[in-house]
């Protein structure tokens, strides 16, 4: 991690950021309408759901790529050089993704899903949650984000445990980062020659 001057963060700054993350998680956990508790079944369900969403989204992305190529839309197989530089510090990106995944799951699945479930039928509640999840990301990958939101909402409702969607989201994010890191290495090798 770098500060505004481009220097590495000091140990004090890193400790402050970690403390801040822990404080945010503690507040979210304490006030969460859906509890978080460990069970091997929920952990495995979360891991397999996160991996499954990643695989499904990979194939959707590949299908969209094929469609774009048939329509002569320019599209690169490899990650751009800017993203390639970003993934030089993979461990930092993974830590940030874990923080974001936990925070998003509490906000979207624990608070928002619980609130909309109290007002609407489950199917409408999941639809509202998915649309708001997409809008919060404002990303071109609408189908992939909607699939993620629906899957994570369903496993939250099924297990009534926040650990499951948190593990699913972390699995998806971390594996995505590692895959993009692999692509960035491939990109660097391809364009060095």
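Summary of computed values
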read-out: Conditions (1) farther than 23 Å from residue 145 by Cα; (2) modelled with pLDDT of 75 or more; (3) outside any helix (DSSP H, G or I): number failed by residue 72; value: (2)
read-out: Criterion (at pLDDT 75 or above, closer than 26 Å to residue 152 by Cα and not in a helix (DSSP H, G or I)) met by exactly one of 51, 37; value: 37
read-out: From 64, 60, 93, residue being closer than 28 Å to residue 152 by Cα and either modelled with pLDDT under 75 or not in a helix (DSSP H, G or I) (or both); value: 93
read-out: Any hit, the range 18-25, residues being under 17 Å from the mean Cα position of the chain (by Cα) and in contact (Cβ under 8 Å) with a residue 12 or more places away in the chain; value: yes
read-out: Considering residues of the range 1-33 that are modelled with pLDDT under 80 and part of a loop (DSSP other than H, G, I, E, B) only, the residue nearest to residue 154 (Cα to Cα); value: 1
read-out: Lone qualifier among 155, 128, 146 - being within 19 Å of residue 43 (Cα to Cα), in contact with a helix residue (DSSP H, G or I) (Cβ under 6 Å, 6 or more places away or on another chain) and in a helix (DSSP H, G or I); value: 155
read-out: Check on residue 100, in contact (Cβ under 8 Å) with a residue 60 or more places away in the chain and part of a helix (DSSP H, G or I); value: yes
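The values are calculated or read from the model by the stated rules, or taken from the named source; none is laboratory data. Only a predicted model underlies this, so the values are computations on that prediction, with no experimental measurement involved. Using ideal geometry, Cβ is built from the backbone for each residue, glycine included, and neighbour counts are taken over all protein chains shown.
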